[in-house]
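Quick notes on the structure that follows.
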Amino acid sequence: MSDFFSSHTGSAAPIDSRRWKQLRLLDKTYDARVLLGRAMGAVRREAAEHGPARVLIVGIEVPSRAGDIHAVVDRLRFRSRQDITVSIAPMLDQGKFANIDLAIEQAGRPLSAHDWLVIVDDDIAFERGLLDDMIAVAAHTDLALAQPAHGIASHATYAVTRRRFGSLARRTDFVEIGPLTLVRSDLFADLVPFPASRWCYGIDLMWSEIVRRKRRRMGVVDATPIRHLRPVAVSYNLDAAWEEGRSLLIRHGVEINRAELFARDEIVLRA
């Protein structure tokens, strides 16, 4: 089976809270380069030539912070030119993606009626315009599965998902299950409904195998960074999550190893 849960090799360095202001300044510096660069302007003009995409945004309302997911979604929708449907499901006592499946079912229109699916958590911050820019970059670079890069001042798990200076988008063989995931319609039938899992560990490895088998492209959009506001994996039993992940990979015959998974990190659109 895969050796993915054998060690922490490849993990991103934790954020030093004492350097928070300096890290945010680095992000702002990169934002300015993206804004002033010709490449992003060309991508936006290309996107403007097409009609709005049909986008389904789904999320989960956590009782202890019920307003947070709505604030995140409102920010995603702010002045967007896309045709957006939103479906927020209340958090039930089950895994994240079981709740996401419920949100998709309750959307009012079938998933197949949309061009893109956006799965979003409630603990991120980002600049307005992220949704349109991320879709534009993903479409331009033919990414069927994508995530926004973690900004320099973001709590992240894997180094490959950290924002890279000089890049607007990179092709990788790994996209995380959160905190924001973008899925193109040609993968809907392969990924949805999601595999049953309480902690959802290992699902991103299944995605990697499916995307490669389908000969699609996946990657990280550096042009639209997010800040993950809470440290990763601090509110649940990590050992139990890892054990469930191992079982999931065995059950589905996933054998990709860590070296293979993180080997590809190719800039496909430069700033």
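Taking every residue in the stretch 8-37 that is closer than 13 Å to SER154 by Cβ and pairing it with any residue that is at pLDDT below 85 and among the charged types (D, E, K, R), at least 6 positions away or on another chain, the pairs with Cβ-Cβ distances below 9 Å are LEU23/ASP16. PHE188 - would you say it is among the aromatic types (Phe, Trp, Tyr), under 16 Å from the mean Cα position of the chain (by Cα) and over 22 Å from ILE60 (Cβ atoms)? In short, no.
Yes/no matrix, rows are residues, columns are (1) over 24 Å from MET40 (Cβ atoms); (2) crowded, with 22+ Cβ neighbours inside 10 Å:
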{"position": "GLY151", "(1), (2)": "no, yes"}
{"position": "THR157", "(1), (2)": "yes, no"}
{"position": "ALA169", "(1), (2)": "no, yes"}
{"position": "GLY178", "(1), (2)": "yes, no"}
{"position": "ARG216", "(1), (2)": "no, no"}
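Residues that are without any contact (Cβ under 8 Å) to a residue 60 or more places away in the chain and either touching a Ser or Thr at 6+ places or on another chain (Cβ under 8 Å) or closer than 25 Å to TYR30 by Cβ (or both) within the stretch 109-128 comprise ARG109, ARG128, listed in sequence order.
Of ASP265, ASP239, all but one fail to be free of Cβ contacts under 8 Å to residues at least 12 places away in the same chain and either within 25 Å of GLN94 (Cβ to Cβ) or under 19 Å from the mean Cα position of the chain (by Cα) (or both); the exception is ASP239.
Using beta carbons and a limit of 9 Å, which pairs, at least six apart or on different chains, have the first residue in the stretch 193-221 and without any contact (Cβ under 8 Å) to a residue 24 or more places away in the chain and the second one of a type in the set (Asp, Glu) and in a helix (DSSP H, G or I)? That search, which allows pairs on different chains as well, returns ILE210/ASP190; ARG213/ASP190. May I ask you to verify whether VAL211 is in contact with a Leu (Cβ under 7 Å, 6 or more places away or on another chain), outside any strand (DSSP E or B) and among the aliphatic types (A, V, I, L, M)? So VAL211 fits the description; yes.
Mind checking which residues of the stretch 240-255 are part of a helix (DSSP H, G or I) and among the small types (Gly, Ala, Ser)? Talk me through it step by step, then tell me what you get.
Initial filter on the stretch 240-255 (part of a helix (DSSP H, G or I)): 240-251.
Residues satisfying the conditions are ALA240, ALA241, GLY245, SER247.
On the basis of being out of contact with any Asp or Glu (no Cβ under 8 Å at 6 or more places or on another chain) and modelled with pLDDT under 95, does GLY245 make the cut? The answer is yes for GLY245.
The values are calculated or read from the model by the stated rules, or taken from the named source; none is laboratory data. In this text, all values refer to a predicted model and were calculated from it rather than measured experimentally. Neighbour counts are summed over all protein chains in view; Cβ atoms, including those assigned to glycine, are modelled from backbone coordinates with ideal geometry.
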